[in-house]
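The values are calculated or read from the model by the stated rules, or taken from the named source; none is laboratory data. Predicted, not measured: the structure shown is a model, and the values here were computed from it. Every residue, glycine as well, gets a Cβ built from its backbone with ideal geometry; the counts of neighbours run over all protein chains shown. Side chains are part of the model used for accessible areas, which takes the heavy atoms of the whole protein and leaves out ligands, DNA and RNA. Shrake-Rupley method; radii C 1.70, N 1.55, O 1.52, S 1.80 Å.
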Amino acid sequence: MSGKVVLHYFNGRGKMESVRWLLAAAGVEFEEVFLTKREQYEKLLNDGALMFQQVPLVEMDGLQLVQSRAILNYIAGKYNLYGKDLKERVMIDMYTEGAIDLMEMFSKLPFTPPDDKQKLLDSIESKAKERFLPVFEKGLANSQFLVGNQLSRADVHVLEATLMLQELFPTILSTFPKLQAFQASMKALPRIKKFLQPGSARKPPADEALIKTAKEVLSHLFK
């Protein structure tokens, strides 16, 4: 295993996208190995790289990291994105879990039959407006950061989540001025700004080709 950070996943968002975001915010360079064939997944299995027979897999610091939340925790802890004490950390965790819950609703969209898609979109929009965005807005009432006085993983995850929302609902932040200001300040951070540029490791929403590839590589999950 080299000293480089290597991500093993599909050439799409999924559970790896938040890892890409957090590494980018930490200023960490990484390489990606895209899974396109079943044989690649089976080799990772046979090599003992996948503790629970699942991707994503991140190789860093001589470790083979699996389970997306564990990976994110490790990166946040290593690169000072996890608050200054235990009380800040638990607040960061709560905001983080909320952002992840919000983003996980999007993961169902590519697998939803066309006739049911609008119902799911309506559900995402209403839950975002009623359950999640008001919490983030309140958290930003007196600070440019959600927790403490410095950037944390919570800020990165909430930025990612709100940008995903705006891809589907462009005006969804119109009644959340603190979140609008938060987005603007986050986008101005040099590392975030770089990640938002064309040609970065940031991935677009899933398309049919990506779904087809994922189903072929992980065929055991779709029998």
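Let me confirm something: among L179, L189, L151, L159, which residue is touching an Asp or Glu at 6+ places or on another chain (Cβ under 6 Å) and within 24 Å of E88 (Cβ to Cβ)?
L179
Within the bounds of the range 174-182, is there any residue that is out of contact with any strand residue (DSSP E or B) (no Cβ under 8 Å at 6 or more places or on another chain), within 28 Å of F10 (Cβ to Cβ) and of a type in the set (D, E, K, R)?
No - not one qualifying residue is present in the range 174-182.
If you check every pair at least six apart or on different chains, which have Cβ atoms under 6 Å apart with a residue in the range 80-103 that is more than 14 Å from F145 (Cα to Cα) first and a residue that is surrounded by 17 or more Cβ atoms within 10 Å (Cβ to Cβ) second?
If the second residue must be surrounded by 17 or more Cβ atoms within 10 Å (Cβ to Cβ), the pairs left are G98/F132; A99/H157; A99/V158; A99/A161; L102/F132; L102/A161; M103/A161.
Just for the range 192-216: of the residues that are of a type in the set (A, V, I, L, M, F, W, C) and not in a loop (DSSP other than H, G, I, E, B), which one is surrounded by the most Cβ atoms within 10 Å (Cβ to Cβ)?
For the range 192-216, the residue satisfying everything is A214.
Among the residues of the range 110-133, what is the count of those that are of a type outside the set (F, W, Y) and either open to solvent by 70 Å² or more (accessible area, probe 1.4 Å) or free of Cβ contacts under 8 Å to residues at least 12 places away in the same chain (or both)?
14
Write out, first by first residue and then by second, each pair whose Cβ atoms fall under 6 Å of each other, whose residues are 6+ apart or on separate chains, and whose first residue, in the range 2-13, is in contact (Cβ under 8 Å) with a residue 60 or more places away in the chain while the second is assigned to a strand (DSSP E or B).
Cβ pairs passing all conditions: N11/F34.
Has the range 35-42 got any residue that is part of a loop (DSSP other than H, G, I, E, B) and basic (K, R)?
Yes: the range 35-42 contains one or more residues that are part of a loop (DSSP other than H, G, I, E, B) and basic (K, R).
Out of curiosity, is L173 part of a loop (DSSP other than H, G, I, E, B) and touching a helix residue (DSSP H, G or I) at 6+ places or on another chain (Cβ under 6 Å)?
yes
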